[in-house]
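J.: One structure is given below, represented as structure tokens, and several questions about it will come after.
The values are calculated or read from the model by the stated rules, or taken from the named source; none is laboratory data. Quick caveat: nothing in here was measured; it's all calculated off a predicted structure. Note that we place each Cβ from the backbone using ideal geometry, even for glycine, and neighbour counts take in every protein chain shown. The protein model used for the area step is the full one, side chains on, heavy atoms only, and it has no ligands, DNA or RNA in it. Shrake-Rupley method; radii C 1.70, N 1.55, O 1.52, S 1.80 Å.
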Amino acid sequence: MQRHKIIVMFSGGLDSTIAVHLLKSQGLDVKALHFLLPFYSGIGKHPGKIAEYADALGVPLRVEEEGEEYLDMIRDPLFGFGKNANPCVDCRIHRLKKAARIIEEEGAVCLATGEVAGQRPMSQKLPTLMKVEKLSGLTGRLLRPLSAKLLPPTGAESAGIVNREKLLGISGRSRAAQLAYAKEHSLAHSAPAGGCLLTNIETGARFSDLAENSPNFSLVDFKLIAYGRHFRRSRNYRVIVSRNGDENETIEKICGLAAGGGALARGAPTQNESTPNIIQFYLRDATGPLAVGLGKPDEIDLHFSAAAVVRFSKMRNSAGAAVVVRGKVNGETVDRVIETAAADDDELAGHRVCSVRP
């Protein structure tokens, strides 16, 4: 007997976990599909927990990393942004279009999602669900198992491949029905969260700053809004200071992408002529934060950045510290040391990119 394949967009959350379980329980060949936001793609940040949830359900997992094509969508989303930097409707259409190509490649009969009618005010109202289905080119091939009984039958349901009577008719923002289902079937899933990183108010402020000052921002620029402390010195220059050792490593890897290779480790050769200006700042004589400057700094900008590194290090109370400055400054390779005391907190606050200005 033929087992029909269905691809399920999978976040590891409550709703997508139930969607997988509902379809797998009907004897269908289910494969989970997870999209990795650009912040985490290309730098080895694989979704380990999501793989665990897929494994617990007994389904294979395919991970697709978002890249340059994501920028085309977020620079000018047709349906605009939500409360912060979240282009929820456009993002959904973008991903569904990619998923449509994947179901063709995989030979699947349809695509399923964990969407629930009326759960999210921007992207999951009934009219929006239907519009998204049409604009993504998936009319009749997009199954929402949790709300299926409230929606027109898909081709897979009409053909008897999927038993519509065994699907659900959930709507609204309450998760009570889903939690009861998960408990009944002992389903492991991630805890409900506030949405993707772009719904975060501080990430939104950083994105707005980036889009306003560098409307043709690069993938590296976009990735960096997820990490560190951000300071805008001028329209032409910003500096990002890491918060901890993990961010040091991540920022090095992201900047390494601009150099066309792996992590741009401290002490590594500077970028070639085709890469953007990226300047590294780090303590010469102690461990501490890594800062990266992007744009066209003047001498005052360089000293500000070096002083910021000292401020967020264990040497903040020292009379001074040596900060290595390496990279490209206005097209010229620079490798020097700046001796400086820690930056003043008020000065830092005045340049900090954040949701609430001092």
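J.: Of all residues in the stretch 150-177, which are exposed (fewer than 15 other Cβ atoms within 10 Å of the Cβ), over 32 Å from the mean Cα position of the chain (by Cα) and among the basic types (Lys, Arg)?
T.: Residue satisfying the conditions is Lys166 alone.
J.: With open to solvent by 40 Å² or more (accessible area, probe 1.4 Å), among the hydrophobic types (A, V, I, L, M, F, W, C) and in a helix (DSSP H, G or I) as the only criterion, which of Met73, Met130 stands out?
T.: Met130
J.: Of everything in the stretch 29-56, what is closer than 23 Å to Ala177 by Cα and among the aliphatic types (A, V, I, L, M)? Give them in sequence order.
T.: Correct list: Val30, Ala32, Ile50, Ala54, Ala56.
J.: Return the residues of the stretch 178-194 that are open to solvent by 40 Å² or more (accessible area, probe 1.4 Å) and either β-branched (Val, Ile, Thr) or touching a residue at least 60 places away in the same chain (Cβ under 8 Å) (or both); say none if nothing qualifies.
T.: Leu179, His185, Ala188, His189, Pro192, Ala193
J.: Next question. Could you please find all residues in the stretch 320-358 being of a type outside the set (Val, Ile, Thr) and closer than 16 Å to Leu283 by Cα?
T.: Scanning the stretch 320-358 gives Gly320, Ala321, Ala322, Arg326, Gly327, Asp335, Arg336, Glu339, Ala341, Ala342, Ala343.
J.: I'd like the residue in the stretch 237-265 that is modelled with pLDDT under 80 and among the aliphatic types (A, V, I, L, M) and, out of all such residues, is surrounded by the fewest Cβ atoms within 10 Å (Cβ to Cβ).
T.: Ala265
J.: With the structure loaded, tell me whether Leu78 is over 23 Å from Lys31 (Cα atoms) and among the aliphatic types (A, V, I, L, M) or whether it fails that test.
T.: yes
J.: Among residues belonging to the stretch 82-103 that are over 15 Å from the mean Cα position of the chain (by Cα) and of a type outside the set (D, E, K, R), point out the one that is modelled with the lowest pLDDT.
T.: The selected residue is Gly82.
J.: Tell me the residue from Ala56, Ala99 that is small (Gly, Ala, Ser), open to solvent by less than 20 Å² (accessible area, probe 1.4 Å), assigned to a helix (DSSP H, G or I) and on the phi < 0 side of the Ramachandran plot, please.
T.: Ala99
J.: Could you look through the stretch 42-53, keep only residues that are in a loop (DSSP other than H, G, I, E, B) and in contact (Cβ under 8 Å) with a residue 60 or more places away in the chain, and pick out the one that is most open to solvent (accessible area, probe 1.4 Å)?
T.: So, considering only residues that are in a loop (DSSP other than H, G, I, E, B) and in contact (Cβ under 8 Å) with a residue 60 or more places away in the chain, the one most open to solvent (accessible area, probe 1.4 Å) is Lys45.
J.: Also, quick follow-up: Mind checking whether some residue in the stretch 21-31 is part of a strand (DSSP E or B) and open to solvent by 10 Å² or more (accessible area, probe 1.4 Å)?
T.: Yes: the stretch 21-31 contains one or more residues that are part of a strand (DSSP E or B) and open to solvent by 10 Å² or more (accessible area, probe 1.4 Å).
J.: A follow-up question, please. Where in the stretch 269-358 are there strands (runs of 3 or more DSSP E), lying fully within it, with 2 or more residues that are at pLDDT below 95 and open to solvent by 80 Å² or more (accessible area, probe 1.4 Å)?
T.: Where strands (runs of 3 or more DSSP E) fall fully within the stretch 269-358 and carry at least 2 residues being at pLDDT below 95 and open to solvent by 80 Å² or more (accessible area, probe 1.4 Å), they are 332-340.
J.: What number of residues in the stretch 1-28 are farther than 13 Å from Lys166 by Cα and of a type in the set (Lys, Arg)?
T.: 2
J.: Filter the stretch 106-116 down to residues that are outside any loop (DSSP other than H, G, I, E, B) and within 24 Å of the chain's Cα centre (by Cα), then give me how many there are.
T.: Here the count works out to 2.
J.: In addition: Output the number of residues of the stretch 76-89 satisfying the condition of being touching a Gly at 6+ places or on another chain (Cβ under 9 Å) and open to solvent by 20 Å² or more (accessible area, probe 1.4 Å).
T.: Of the residues in the stretch 76-89, 5 are touching a Gly at 6+ places or on another chain (Cβ under 9 Å) and open to solvent by 20 Å² or more (accessible area, probe 1.4 Å).
J.: Please verify whether Glu133 is under 24 Å from the mean Cα position of the chain (by Cα) and charged (D, E, K, R), treating the condition exactly as stated.
T.: Criteria met by Glu133.
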